[in-house]
1. Could you state the angle between the C-alpha long axis of helix 71-96 and the longest principal axis of the C-alpha atoms of the chain, as a value from 0 to 90 degrees rounded to the nearest 10?
2. Hey, quick one: spin label on residue 72, modelled 7 Å out along Cα-Cβ, who in region 130-160 has an amide N within reach, i.e. under 17 Å?
3. What is the angle, in °, between the Cα long axis of helix 195-206 and the longest principal axis of the Cα atoms in the chain? Nearest 10 is fine, range 0 to 90.
4. Report the label-to-label distance for residue 53 and residue 102 in nanometres (one decimal), using points 7 Å from each Cα along the Cα→Cβ vector.
5. Compute the angle between helix 144-156 and the longest alpha-carbon principal axis of the chain, please, reported from 0 to 90 degrees and rounded to the nearest 10.
6. Relative contact order (percent) for region 19-163, with alpha-carbon contacts under 8 angstrom and 6 or more residues of separation?
Ligand SMILES: [Zn+2]
């Protein structure tokens, strides 16, 4: 198989600047009445995790082989991934509008993080120690460990105040870290939602 050239899958939404938010963005039109699922199979979940460097090529291939052998377990893992994603989405969407996240969503993240913490490896390297989540045997949900760790990390970090959500009125709902100086960013991206809003204002003005 040709693996020498790594390509970002353009099917995923834009880069929100944080892995937990990118995971939350694996539903398109998240704030609309008809959200669009981007993780439609376990292999979508594996591909996404590879594209965002949570799984390396080799671990991804191993998981896909295991998934072919145990499709029900893989399907259950996909369900759990989607549930975790929705909890993460609701937590940060609430925070982006200065609302308090629901306790059940925070509990969901806590339980997921507890599994991640149990699976962590602390390994010495040249500079000290690093954390990784490389299991001895492949685990269907192993990509969720770094994700829940990252989500909790964001929740506790000073970047939390920079979490924003696309203001698109069709319900784009994409989450991002707003690095603009006055926290004035409105859109996931100018190309995707910003231009449309601009065109709409232009249209209203000229009507
Ligand atoms: Zn948008």
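Please treat every number below as a calculation from the coordinates, not as lab data. Predicted model only: the values in this text are computed from it and were never measured. As a convention, Cβ positions derive from the backbone with ideal geometry for all residues, glycine included, and neighbour counts pool all protein chains shown.
1. That helix lies at roughly 40 degrees to the long axis.
2. 140
3. 10 degrees
4. 3.4 nm
5. The two axes meet at around 50 degrees.
6. Working: 147 pairs, mean separation 37.5, N = 145.
Across region 19-163, relative contact order equals 26 percent.
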